[in-house]
Amino acid sequence: MNTWKKWIRILTISLLVSLLPLSVAKAKEGTVYEQFEKDSPADQSETKVNPGPAKASVVPYALKFIGSFLLILLLLFIVLKYLSKKTRMYAGGGPFHALGGHSLGNNRSLQIVMIGDTLYLLGVGEDVNLIRTIPPGDEQRRLLESVAEKPIDTVTKWGAHLKKTSQEKWDELLLKQLKEVKSGTDQQKKGENG
């Protein structure tokens, strides 16, 4: 953790140094009184060449922009880390564990909650109703195993389907139809033999 603090300090100091004004305004004319004294008739005959403004480089501005952007990303990362730690502390929940749920319509769902060693099937709508209690045993073990299995993600399945080439799709369709034809002829043979 000390290395993180060290890097944050170094980054902060370097950004503060880089954010100092790029050019310092220098008073070439002096005070107002000095200017008034210089504006005598003898000085007016002299022509002063006013040099144009110096061309400012874009590099310091780009470095400031990149540094500020990186600082914002770092702060965002730190805040997200902090929030994830906080939610993990609260998500511990003690003896309560929400295992899953299934939506039944508008504001209606079934929820499975494990408290201690017992599963509770709850109906959630305008109010919460206990539908069934499932004590430890074979049924509870099967339910917990089914909850532990990762369901097939529909997006992943469609993504894999879309990635197939036209040749793979054609081969798959051909094999499927050949199996259907083969099973149809097998059933006809059984019907003739039977």
When Asp117, Asp127 are ordered from fewest to most other Cβ atoms inside 10 Å of their Cβ, what list results?
Asp127, Asp117
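From Cα pairs below 8 angstrom and at least 6 apart in sequence, can you work out the relative contact order of segment 96-148, rounded to a whole percent?
Relative CO of segment 96-148 lands at 25 percent.
I need Ile66, Ile112 ordered by Cβ neighbour count within 10 Å, fewest first.
With the fewest neighbours first, Ile66, Ile112 line up as Ile66, Ile112.
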Normalise the Debye intensity by I(0) for segment 96-148, one equal point scatterer per Cα, no solvent, then take log10 at q = 0.16, 0.21, 0.28, 0.31 Å⁻¹ and round to two decimals.
-0.45, -0.74, -1.14, -1.27
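Rule-based calculations on the coordinates, nothing more; no lab input. In this text the structure is predicted, and so the values were computed from the model without any measurement. Here Cβ is always computed from backbone atoms with ideal geometry, including for glycine, and neighbour counts include all displayed protein chains.
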